[in-house]
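Heads up: the structure comes next, in structure tokens.
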Amino acid sequence: MAEENSNKQKSAGEKLQEQLSFKFKNQWDVLDADLVSAAHKFSEGYKRALDQGKTEREFHDLTIARLEEAGFKNLDHVDKLERGDKVYRSVHNKGLLAAVVGSESPAEGLILVGSHIDSPRLDLKPYPLYEQNEFALFKTHYYGGIKKYQWLSTQLAIHGVVVKQDGSKVEICIGEDDDDPVFTITDLLPHLGRKQMAKPAKEVIEGEQLNVLLGSQPYPEEALKDRFKLNILSLLHEKYGITERDLITGELEIVPAHKARDVGLDRSFIGAYGQDDRVCAWTSLEALLDAMPQAKTQGILFFDKEEVGSDGNTGAKSDLYFFALNELCAKILSREPSLLETQQMLEHSKLLSSDVTAAYDPDFSDVYEPMNTAYCNYGIGINKYTGGGGKGGTTDANAEYFNEVTRLFEQYNIPWQAGELGKIDEGGGGTIAKFFANAGMNVIDCGVPVLAMHSCFEVTTKLDVFNTYRAYKAFFDHAE
């Protein structure tokens, strides 16, 4: 009765405005206590995943362990697939496909969520170890879009693999355990930094100055040349059995050494390295694990090399991902699919390109267009298109698919918001979406809004992370 009286008091214009207008809502105002509690609980597993998977290799291995724990089998070891079967296939230990088989033919299409698991970082140069002025250091080459000055005077760790001359592989991780040493790149003291501080931000530190400090203790033979370098080689050989030759062919990455943490007195934020785009990868993985088998086969795709253009045999441009989908299709059909069936599979498939988007930051409001940007705590952020300037390099999802996805989210009470990556002429960015759209799939970008993207300490909100998981699960469970 009170609601009826309230409606009677509204003017015709107010009623019309209520009927026709649309606004996105801060989820703190509408979520119940159970969902808030679930969001906090979900974030704990997510933070552990960030700490354990700081490189694409580590996150790949963590994912496979999680899949096998849930009963997924290696696709290479399976001859025939039936409804409900769970399989995965690695792509050179840096990407993968995981799927839950449905009852329909793959030619009817697949339901997919695709993310990248590489993040901006520092890679060691091919010939990295040197000494200068009685310091031992590593030379690096930055990977992806970084602000170079953010990597100075912070704690760093070394992760990666080295393949020795005999072909054996050694995994290296130094700087994560409390008893480990950490590493750093030194900055200039402000007392002597007058000229440095007058430079544009991108020139404050040059790429060739991103040299990692390793030590200052010499090998105890004064007559030796390069004995500071030799001491580091001696320590590496003692612990890992590797030589300088092995370093040259190795794959070692420099990443921030800090752990994922709650941020804020209310613990509403998560701060960590590598949330772009492992936040979308982890939420899609958990959504697939919790999804129920449907008519259509459901799957996730994890990619490498997105931060440098998606090239290479583990990037989204690689044919290996389409080969994996084709192998999946063949084992469901118990025969090689025809060219027509493969084309039909691609055309009828639906993909969420699950990549992060920029969250509005009031400290840098001049680069955002407030009406068309994602906000923290407003739910999964959907970008109809990405690119730069005049939408260069975008896929631009069609209205039918955009509406289909958002109607599905609304039907299952999933909060969503739409926006762009900042003002039109401020920059821009791209995702893996266009490579699968080019193959014929319906694709749209949607993921978690992130503050301080590409920094050493990116920030998300627990509500957005959890609601993105809920969105992907609804997509797996109900997309047709």
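The values are calculated or read from the model by the stated rules, or taken from the named source; none is laboratory data. What you see is a predicted model, and the numbers here were worked out from it, not measured in a lab. Backbone-built Cβ (ideal geometry, glycine too); neighbour counts: all protein chains shown. Heavy atoms of the whole protein, side chains included, go into the accessibility calculation; ligands, DNA and RNA do not. Shrake-Rupley method; radii C 1.70, N 1.55, O 1.52, S 1.80 Å.
Being in a loop (DSSP other than H, G, I, E, B), out of contact with any strand residue (DSSP E or B) (no Cβ under 8 Å at 6 or more places or on another chain) and surrounded by 15 or more Cβ atoms within 10 Å (Cβ to Cβ), is that true of even one residue in the range 172-195? Yes; the residues of the range 172-195 include at least one that is in a loop (DSSP other than H, G, I, E, B), out of contact with any strand residue (DSSP E or B) (no Cβ under 8 Å at 6 or more places or on another chain) and surrounded by 15 or more Cβ atoms within 10 Å (Cβ to Cβ). When F72 is tested against (1) hydrophobic (A, V, I, L, M, F, W, C); (2) free of Cβ contacts under 8 Å to residues at least 40 places away in the same chain; (3) open to solvent by 50 Å² or more (accessible area, probe 1.4 Å), exactly one condition is not met: (3). In the range 376-390, which residues are assigned to a loop (DSSP other than H, G, I, E, B) and either touching a Pro at 6+ places or on another chain (Cβ under 7 Å) or surrounded by fewer than 15 Cβ atoms within 10 Å (Cβ to Cβ) (or both)? Scanning the range 376-390 gives C376, Y378, G379, G389, G390. Within the set H141, H116, the sole residue that is touching an Asp or Glu at 6+ places or on another chain (Cβ under 9 Å) and open to solvent by 10 Å² or more (accessible area, probe 1.4 Å) turns out to be H141.
Condition check ((1) over 25 Å from S105 (Cα atoms); (2) small (G, A, S); (3) open to solvent by 10 Å² or more (accessible area, probe 1.4 Å)) across all residues:
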residue	(1), (2), (3)
P415	yes, no, yes
G428	yes, yes, yes
A433	no, yes, no
F436	no, no, no
V448	yes, no, no
V459	yes, no, yes
K473	no, no, yes
F476	no, no, no
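In the range 204-225, the qualifying residues are those that are charged (D, E, K, R) and at pLDDT 95 or above, and the one that is most open to solvent (accessible area, probe 1.4 Å) is E208.
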